[in-house]
Structures are given as C-alpha cells and as structure tokens.
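*Asks:* Before I ask anything, here is the structure I am working with.
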Amino acid sequence: MTLGTLIKQTRQEKQLSQPQLSEMAGIEQSYLSKLENDKSLPSDEILTSILNALDLTLTQLLDSISSPAELRRLQQVPLISQRLVVNQRQSIKSRRIYLTLCALLCAFAVAMFYAGYNGNIFTETRYQYMSHGILQDGENPDVFTKSAHQLVNRNDPEFESKVENLRVSIEQRRFRDYLYLDEFVGDLLIRNSEDGRRAYHYREPVQQERTINGWLQAVGVFLLVLSLLGFLLERRLIRHHV
C-alpha cells in the first residue's frame, strides 16, 4: 500500500469526500488529489494536518505501508524519515536483545543437558549401606556380623544357654535393609526406623540411574531446539523485511 492509497482508503472509510478532507486539512482539493494518486509528497505540516483530519497516527501510517520501495520514497518527507531512523534503531536494539536471549537460552540448554548426562547436579554415584537386622537397646552394632560365641562372656556359667538364646533372638530379628546415600558418611551409621534401631554398615559405591537426570537431558534438548528455532526465525524475519 502507498501513502496515496492509504489516504484515499481511510477517507472513504470515514465517508469523507475530497472537498471535505481538503477543508479539514487546510489544503487545496487539487493537491489532495495529487497526494492520493501518489503524484506528490506532502510537507511535514501538511502530512500532520491530514493525519489529524483522518484520526491517524504516524505509527499507524507506517505500519500500513509494507512496500520497501514506498518507504524509500517516503524518506523524502523529513517527519517520516526521522521516524524511520528511530524505528530502525529500536529494531536493531530489539534484535540484539532477542539474539542475546537466544544465545543465553542455547548456553543454558547445553549446560542443562550435560549436567543431566554427567550427573553433575544429581549424582548417580551413591553409597550403599546395609543393615542385617533390628538392634535391641544397648546391643553391639556388630551383633549380626559376629558369632554369638564372641558376644557372650565365656566365663558365664550359663554360657551355652545364653549363646543359644542370643542366636535365636538374632535370627528372629534378622532381615536386611539397604540405604543409598548421595555422600559417604562413614563406615557405620546408626538410624532409627519404623521397626526399631538399625546399624547400617558401608558396603560399596554403586551407580544408579536417576530419572531426574533423564529429565534434565530431555529439557536441555528441547530448549536447545527452541533456541535454534529462535535464531532461524530471526533470520527469516530479517530476509522478509529486507
């Protein structure tokens, strides 16, 4: 759309005749006819008068004109030329901000993917502790790993019966439980559980896949694709406006 076409179309939409608009803008009808037929360009003062008469803003005018050739022609009007320069500067600034955000999103996506892949945040190396059973109050934490004969005083007159009773008691309370911790807390860990007090002995480090690391990788890939699409969209928009 050209400037003349826009003026004529808006005038007709507002049901104004050329004489009426000419009078409202304070210009000759013949001059308005030249403007509507793109045979002349208005001065800043006349353009402002026409826009006011049509209840249009300069921004609305420029938004309605998409032809690069027409915009170049309108640069001969100082008011329009100044606005186009301002718009171009704002466009460059917005483009820089947009590209910066895309770059930051891309970097964040890569960091998130590798954090999930390498387990940097949520480690997949965990420390396994095992408890053989429930401890009684004051009982030796090694009661399940040592022989009952080692836990009863051999000089006790009831040594054999106490050994047998202890063996039976141990077997009744023997059932294993495992703990997997994110950090090593020593060779022995005493904890209270729903069943009673337990002694957990350190066994070995184990590798356990964690679902959250898979999610980190998936989100990282998604954000990376999103950032690349952002770069591609920006290039397409630039080509469209060139």
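*Asks:* Quick check on F184: is it farther than 21 Å from N120 by Cβ and not basic (K, R)? Full working, then the answer.
*Replies:* Values: farther than 21 Å from N120 by Cβ: no; not basic (K, R): yes.
So F184 fails the test.
*Asks:* Regarding L233, is this residue aliphatic (A, V, I, L, M), surrounded by 13 or more Cβ atoms within 10 Å (Cβ to Cβ) and not assigned by TED's automatic domain parsing to the domain that holds Y129?
*Replies:* Values: aliphatic (A, V, I, L, M): yes; surrounded by 13 or more Cβ atoms within 10 Å (Cβ to Cβ): no; not assigned by TED's automatic domain parsing to the domain that holds Y129: yes.
Taking the combined requirement at face value, the residue does not satisfy it.
*Asks:* In addition: In segment 187-211, which residues are more than 30 Å from L135 (Cβ to Cβ) and either touching a helix residue (DSSP H, G or I) at 6+ places or on another chain (Cβ under 8 Å) or surrounded by 12 or more Cβ atoms within 10 Å (Cβ to Cβ) (or both)?
*Replies:* R210 - this is the single residue of segment 187-211 that is more than 30 Å from L135 (Cβ to Cβ) and either touching a helix residue (DSSP H, G or I) at 6+ places or on another chain (Cβ under 8 Å) or surrounded by 12 or more Cβ atoms within 10 Å (Cβ to Cβ) (or both).
*Asks:* Before we move on, is T10 surrounded by fewer than 14 Cβ atoms within 10 Å (Cβ to Cβ), modelled with pLDDT of 90 or more and not assigned by TED's automatic domain parsing to the domain that holds V221? I'd like the intermediate steps shown before the answer.
*Replies:* On the way: surrounded by fewer than 14 Cβ atoms within 10 Å (Cβ to Cβ): no; modelled with pLDDT of 90 or more: yes; not assigned by TED's automatic domain parsing to the domain that holds V221: yes.
No.
*Asks:* Quick one: which of D187, D156, D182, D137 is farther than 30 Å from R95 by Cα, without any contact (Cβ under 8 Å) to a residue 12 or more places away in the chain and acidic (D, E)?
*Replies:* Details: D187 fails: without any contact (Cβ under 8 Å) to a residue 12 or more places away in the chain; D182 fails: without any contact (Cβ under 8 Å) to a residue 12 or more places away in the chain; D137 fails: without any contact (Cβ under 8 Å) to a residue 12 or more places away in the chain.
Among D187, D156, D182, D137, only D156 is farther than 30 Å from R95 by Cα, without any contact (Cβ under 8 Å) to a residue 12 or more places away in the chain and acidic (D, E).
*Asks:* From the residues in segment 187-234 that are of a type in the set (F, W, Y) and in a helix (DSSP H, G or I), which one is farthest from I121 (Cα to Cα)?
*Replies:* Initially, segment 187-234 is screened for residues of a type in the set (F, W, Y), giving 200, 202, 215, 222, 231.
Checking the rest, the ones that are also in a helix (DSSP H, G or I) come to 215, 222, 231.
Details: W215: 12, F222: 19, F231: 29 Å.
My answer is F231.
*Asks:* Taking helices (runs of 4 or more DSSP H) that do not extend beyond segment 22-126, which have at least 2 residues that are among the acidic types (D, E) and more than 28 Å from the chain's Cα centre (by Cα)? Give the derivation first.
*Replies:* On the way: elements: 29-36, 44-53, 58-64, 68-74, 78-118.
Result: 44-53.
*Asks:* Could you say whether any residue in segment 163-185 is surrounded by 13 or more Cβ atoms within 10 Å (Cβ to Cβ) and in a loop (DSSP other than H, G, I, E, B)?
*Replies:* yes
*Asks:* Any idea which of (1) surrounded by 12 or more Cβ atoms within 10 Å (Cβ to Cβ); (2) outside any loop (DSSP other than H, G, I, E, B) is the one D142 doesn't satisfy?
*Replies:* With (1) surrounded by 12 or more Cβ atoms within 10 Å (Cβ to Cβ); (2) outside any loop (DSSP other than H, G, I, E, B) applied to D142, the lone miss is (2).
*Asks:* Hey, another quick one. When the residues of segment 148-159 are narrowed to those that are of a type outside the set (S, T, N, Q) and exposed (fewer than 12 other Cβ atoms within 10 Å of the Cβ), which ends up farthest from the chain's Cα centre (by Cα)?
*Replies:* Here is the first cut: in segment 148-159, the ones of a type outside the set (S, T, N, Q) are 148-149, 151-152, 154, 156-159.
Those left that are additionally exposed (fewer than 12 other Cβ atoms within 10 Å of the Cβ): 154, 156-158.
Numbers: R154: 69, D156: 71, P157: 74, E158: 71 Å.
Step by step, filter segment 148-159, then rank; the result is P157.
*Asks:* Between residues in segment 5-33 that are of a type in the set (K, R) and residues that are surrounded by 19 or more Cβ atoms within 10 Å (Cβ to Cβ), which pairs lie under 7 Å by C-beta distance while being six or more apart or on different chains?
*Replies:* Filtered contacts from segment 5-33: K8/E36; R11/L21; R11/L54; K14/L54.
The values are calculated or read from the model by the stated rules, or taken from the named source; none is laboratory data. Note that the coordinates shown come from a computational prediction; the quantities given were computed from them, not determined experimentally. Methodologically, a virtual Cβ is constructed for each residue, glycine included, from the backbone with ideal geometry; neighbour enumeration extends over all protein chains shown.
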